[in-house]
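Below is one structure; the comments refer to it alone.
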Amino acid sequence: MKKIILLTVLSISLFSCGKKEDNANIDTLIASKNVSALQAKKAVIQADLAKIDEALSTLDVKKDEALVSVLSLKDTIFSHYLEIQGSVDTKENILVQPEYQGTLISLNAKAGQRVSKGQVLGKIDDAGLSQQVASLENQYALAKTTFERQKNLWNQKIGSEMQYLQAQTQMISAQRGVAQAKAQLAKTIIKAPFTGTIDQVFVEKGQVVAPSQQGLMRIVNLSNMFVSTSVPETYIGKLKIGTEVDVLLTSLGKTYKGRVRQIGNFVNPSNRSFGIEVGVPNPDNLLRPNQVANLKITDYESKNAVVVPTNVIQEDNVKNKYVYIVTNSNGKTGVAKKVIVKLGQSSDNVTEILNGLSANDIIVTEGANAVSEGMKLNF
C-alpha cells in the first residue's frame, strides 16, 4: 500500500515537473524572441489539440445515447400550392335601369323574389305611344297593299316603273316607322334580363322614372359564382384552364372545390401579375359578391414522393441539408446516421426529398437536434 501511494505521489510530481518544465521552455522561447522557434512550438501544440478533439468526439459519440421519436417513410402524393386571396363575384349582378321616361304605372317586383329571364317586372306609362304604333301599323298595311297591287300591274307591264318604285319605298319607310315605334314602346316594359333573385327594389308604383336615375332594382344570380384574383407573372404556364383550386371562405368556415375557368392575357406592369377567374359551385346559396376568399391553387404535384416534416431538416457548417436516419434498428433501438439530402418544394409543413432518402427509411423526428453521427438511439 505504501508503494502505491509512493508511485502516485511520484507520478504527480513528475507531471507537475513536466508541466513546469514546458512552461519554463515556453517562457524561455518568449524571452529569446526567437520567432521561428515560437512558431514551431505553436504548430506542435495545435497538432496535439487537434488529436485530442478528434479523440474526444469519437469517444463522446460512442458513449452518448438519446431518446427520440422516429417516422417510417412511405411513397405519397405531394402537392405544392400557391396561396392567394381573392374576391367572390358574379357577372349576373346588375341594376335594372329604366330606358324610358314616365310614370311607373305597375310594379311586379319585391325584394327576395325569384324571377325568370324575360319576366315582366313593371311598366312605364307610354304617354300615347301605343296609339302611335297602331296608327303606324295601319299606314304600313296600306302601303304594303298598294305596293303589292303596283307590283302585280308592273309584272303585267301595266303602269310605269316609277310608280312601282315609289310604292316600294313608301312600304319600306312605313315598315321602318313601325319597327322604331315598337322598339320605343318595348322600353316601357321592364323585364328581368336573366334568371335570378331581386335583391333590392329602389322605386314604388306611381313614381316618375327616367334613364338618368340610379336604377329601379338590383337582380343577382348566385348560381354562377366565381372568385377573381391576380397571380404573379412567374406562374405563367403553370396554371391551366381546369386546374383544381381549394376556395376557403373564412366567413362561412367552408371550403369549396373550384376550377380555373379563365386566365388573363395581360400582365399588369404596376404589380407584374395577371388575372384569373375560378368558378365556384354554390349549392347552398351561401356565396355572395365581394366576399373574401383564400385560394390554394395546385401548381406542382408528384404522385410518388418521399416527404419529411420540414422541422427535422438541419444544415451543417458547409450549408449541406441533412437528416438523421436510424440504422441497425431492432424496433426499439438503433444507431443514428447523418444523410445529406436534396430538397424539393415545401407545403403544409412537409418538404419533398428529391435525393438521399427512399421509402421505408426511418428518420429521427423529435429529438433530432440533440443527435449526432453514430449515437445510440432509443425510441
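Would you confirm whether any residue within segment 352-372 is buried (at least 16 other Cβ atoms within 10 Å of the Cβ), touching a Ser or Thr at 6+ places or on another chain (Cβ under 7 Å) and either within 19 Å of Ile77 (Cβ to Cβ) or not assigned by TED's automatic domain parsing to the domain that holds Leu71 (or both)? Walk me through how you get there before you give the answer.
Quick first cut of segment 352-372, residues buried (at least 16 other Cβ atoms within 10 Å of the Cβ) only: 352-353, 356-357, 361-365, 367-368, 371.
If we keep only those that are touching a Ser or Thr at 6+ places or on another chain (Cβ under 7 Å) too, we end up with 352, 362, 365, 367.
Filter again for either within 19 Å of Ile77 (Cβ to Cβ) or not assigned by TED's automatic domain parsing to the domain that holds Leu71 (or both), leaving 352.
Taking every residue of segment 352-372 in turn, at least one turns out to be buried (at least 16 other Cβ atoms within 10 Å of the Cβ), touching a Ser or Thr at 6+ places or on another chain (Cβ under 7 Å) and either within 19 Å of Ile77 (Cβ to Cβ) or not assigned by TED's automatic domain parsing to the domain that holds Leu71 (or both).
Scan segment 46-66 and report the pairs whose first residue is at pLDDT 70 or above and whose second residue is loosely packed, with under 10 Cβ neighbours inside 10 Å, with Cβ atoms within less than 8 Å and a gap of 6+ or a chain change.
Final answer for the pair search is none.
Look through Ala31, Ala43 and report the one residue that is part of a helix (DSSP H, G or I), modelled with pLDDT of 80 or more and of a type in the set (Gly, Ala, Ser). Quick ask: steps written out before the conclusion?
On the way: Ala31 fails: modelled with pLDDT of 80 or more.
The unique qualifying residue is Ala43.
Working only within segment 195-219, note down all residues that are exposed (fewer than 15 other Cβ atoms within 10 Å of the Cβ) and among the hydroxyl-bearing types (Ser, Thr, Tyr).
Ser212
Pick from Leu222, Leu165: which is farther than 30 Å from Asp125 by Cβ and either among the acidic types (Asp, Glu) or loosely packed, with under 15 Cβ neighbours inside 10 Å (or both)? Break it down into steps so the answer makes sense when it comes.
On the way: Leu222 fails: either among the acidic types (Asp, Glu) or loosely packed, with under 15 Cβ neighbours inside 10 Å (or both).
Checking each option against the conditions leaves just Leu165.
So how many residues does segment 237-251 have that are touching a Ser or Thr at 6+ places or on another chain (Cβ under 9 Å) and polar (S, T, N, Q)? I'd like the intermediate steps shown before the answer.
As a first pass, look at segment 237-251 and keep what is touching a Ser or Thr at 6+ places or on another chain (Cβ under 9 Å): 243-249.
Now restrict to residues that are polar (S, T, N, Q): 243.
So the count comes out to 1.
Applying the selection to segment 331-379, what residues are in contact (Cβ under 8 Å) with a residue 40 or more places away in the chain, of a type in the set (A, V, I, L, M) and in a strand (DSSP E or B)?
If the condition is that a residue be in contact (Cβ under 8 Å) with a residue 40 or more places away in the chain, of a type in the set (A, V, I, L, M) and in a strand (DSSP E or B), then Val335, Ala336, Val350, Ile353, Ile362, Ile363, Val364, Leu377 are the ones that fit.
Can you pull out the residues in segment 101-116 that are part of a loop (DSSP other than H, G, I, E, B) and surrounded by 13 or more Cβ atoms within 10 Å (Cβ to Cβ)? Give the derivation first.
Going through segment 101-116, the residues part of a loop (DSSP other than H, G, I, E, B) turn out to be 101, 108-113, 116.
Answer for segment 101-116, where residues must be part of a loop (DSSP other than H, G, I, E, B) and surrounded by 13 or more Cβ atoms within 10 Å (Cβ to Cβ): Gln101, Asn108, Ala109, Gln113.
Residue by residue, here is whether (1) touching a residue at least 40 places away in the same chain (Cβ under 8 Å); (2) over 30 Å from Ile219 (Cβ atoms); (3) part of a helix (DSSP H, G or I); (4) in contact with a Pro (Cβ under 6 Å, 6 or more places away or on another chain) holds:
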| residue | (1), (2), (3), (4) |
| --- | --- |
| Gly122 | yes, no, no, no |
| Asp126 | yes, no, no, no |
| Leu136 | yes, yes, yes, no |
| Thr145 | no, yes, yes, no |
| Asn152 | no, yes, yes, no |
| Ala167 | no, yes, yes, no |
| Gln180 | no, no, yes, no |
| Gln200 | yes, no, no, no |
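The values are calculated or read from the model by the stated rules, or taken from the named source; none is laboratory data. Nothing here was measured: the structure is a model prediction, and the numbers come from that model. Positions of Cβ are generated from backbone atoms using ideal geometry, with glycine treated the same way; all protein chains shown enter the neighbour counts.
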